[in-house]
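FYI, it's all coordinate maths here, none of it is from the lab. All figures in this text were calculated on a predicted structure; none of them were measured in a lab.
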Amino acid sequence: MPTPEELQTRIEEAIPGAKAVVIDTTGTQDHFRAEVSSPAFTGLSRIAQHRLVYDVFGDEIGGAIHALSLKTEPS
């Protein structure tokens, strides 16, 4: 099971200039909340911003990462 720190690192490494804060919302290491800011989000719709983050994890969403709630913003 992934840890919040692992998810944070993966987001920050995959999205240029990203800063992420990830918490495990249930203590079970499968439900997470992430707040992500990045200059890469500038000019993108909220859906496109979220898609960039979800694409970092691919098939893990719905599997090892059962739920990932996102708040994104350009920085």
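Any chance you could tell me what percent of the C-alpha pair distances in segment 23-68 go past 13 Å? So the portion of pairs separated by more than 13 Å is 58 percent. Counting only DSSP H runs of at least 4 residues, each contributing -39500 (n - 2.57), and dividing by the residue count of the chain, the helix-based mean residue ellipticity at 222 nm comes to -9500 deg cm²/dmol.
Note that segment 41-52 has calculated 3J(HN,Hα) couplings of 7, 4, x, 9, 5, 4, 4, 5, 4, 5, 4, 4 Hz, one per residue in order, obtained from phi through the Karplus relation 6.51 cos²θ - 1.76 cosθ + 1.60 (θ = phi - 60°); glycine and proline are x. Largest GNM mean-square fluctuation among 17, 62, 43, using the chain with Cα springs under 10 Å: 43.
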